[in-house]
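Right, one structure below, let's go through it.
The values are calculated or read from the model by the stated rules, or taken from the named source; none is laboratory data. Note that this is a predicted model, so its numbers are computed, not measured. All Cβ positions, even for glycine, are placed from backbone atoms using ideal geometry, and neighbour counts span all protein chains on display.
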Amino acid sequence: MNYLAHCFLAETSSESLVGNLLGDFCKGVDEKTLTANIYAGLLNHREVDRFTDSHPLVQQAKSCFSPQRRRFASIALDVLFDHFLIKNWHLYSDISFVEFKFETYQLLVQGSSLMPARMKLVMASVVKNDWFASYESVDGIGFALDRIANRIRFKNNFKGSIEDINRHYQPLDDMFKQFFPQLLAFNRASSLNINRH
């Protein structure tokens, strides 16, 4: 899952948010130095990713990508699922997406001192440039995915993956709507986090 989904699956606290996002930035971090709440969030991030990566519906969704892009399908789906979460927000939350977004941004700013250096830079950009708003549109998703493709250090065919998404948009949306409630149930059943929704 990508940043928005990991925030959605965190508790309403800076420490929980930092922990739930730390999974993408923990290289070189001494986990023994983390507070209990941050560490619980990090473990939750890993459990969520394990559940997602092994889920049959997610495996099925990967088959919607063309052979030359399929090796990057997990990355594309992480970002796309943030889009589908926003698109179907009313199914999963009692508060508006805008309210959630700004509350999350405030907590990220408050928790910046708890983040390793690279995470601090990325999260500052998330807040300053309102990344979550860009995930609302298909064009925004396409732009984000092409930006990721440009950062890959070897020659690849990942750029233009929005073409595969547009070709299979409705089936992918349907798969997300089957998958995400199962992820929420898994997250709620976990002792690592208490979901705020």
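Residues that are out of contact with any strand residue (DSSP E or B) (no Cβ under 7 Å at 6 or more places or on another chain), among the aromatic types (F, W, Y) and in contact (Cβ under 8 Å) with a residue 60 or more places away in the chain: find the helices (runs of 4 or more DSSP H) completely inside the stretch 30-103 holding 1 or more of those.
36-54, 73-87
State the number of residues belonging to the stretch 104-137 that are part of a helix (DSSP H, G or I) and in contact (Cβ under 8 Å) with a residue 40 or more places away in the chain. Steps first, answer last, please.
Going residue by residue through the stretch 104-137, those that are part of a helix (DSSP H, G or I) are 104-110, 112-114, 117-128, 131-134.
Now drop any that are not in contact (Cβ under 8 Å) with a residue 40 or more places away in the chain, which leaves 104, 107-108, 110, 114, 118-119, 122-123, 126, 131-132.
Count: 12.
Name the residues in the stretch 67-77 that are within 18 Å of the chain's Cα centre (by Cα) and surrounded by fewer than 20 Cβ atoms within 10 Å (Cβ to Cβ), would you?
S74, I75
Failed condition for C64, given (1) out of contact with any Pro (no Cβ under 9 Å at 6 or more places or on another chain); (2) of a type in the set (A, V, I, L, M, F, W, C); (3) surrounded by fewer than 21 Cβ atoms within 10 Å (Cβ to Cβ), with all others met?
Single failed check for C64: (1).
Among the residues of the stretch 87-114, how many are surrounded by 15 or more Cβ atoms within 10 Å (Cβ to Cβ) and touching a helix residue (DSSP H, G or I) at 6+ places or on another chain (Cβ under 6 Å)?
The number of residues fulfilling the criteria is 10.
Suppose we filter G19, G41 for residues that are surrounded by 14 or more Cβ atoms within 10 Å (Cβ to Cβ) and touching an Asp or Glu at 6+ places or on another chain (Cβ under 8 Å); which single one remains?
Going through G19, G41 in turn, just one is surrounded by 14 or more Cβ atoms within 10 Å (Cβ to Cβ) and touching an Asp or Glu at 6+ places or on another chain (Cβ under 8 Å): G41.
Let's see how each residue does on (1) of a type in the set (G, A, S); (2) modelled with pLDDT of 90 or more; (3) surrounded by 13 or more Cβ atoms within 10 Å (Cβ to Cβ):
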site	(1), (2), (3)
K155	no, no, no
I165	no, yes, yes
F176	no, yes, yes
A189	yes, no, no
N193	no, no, yes
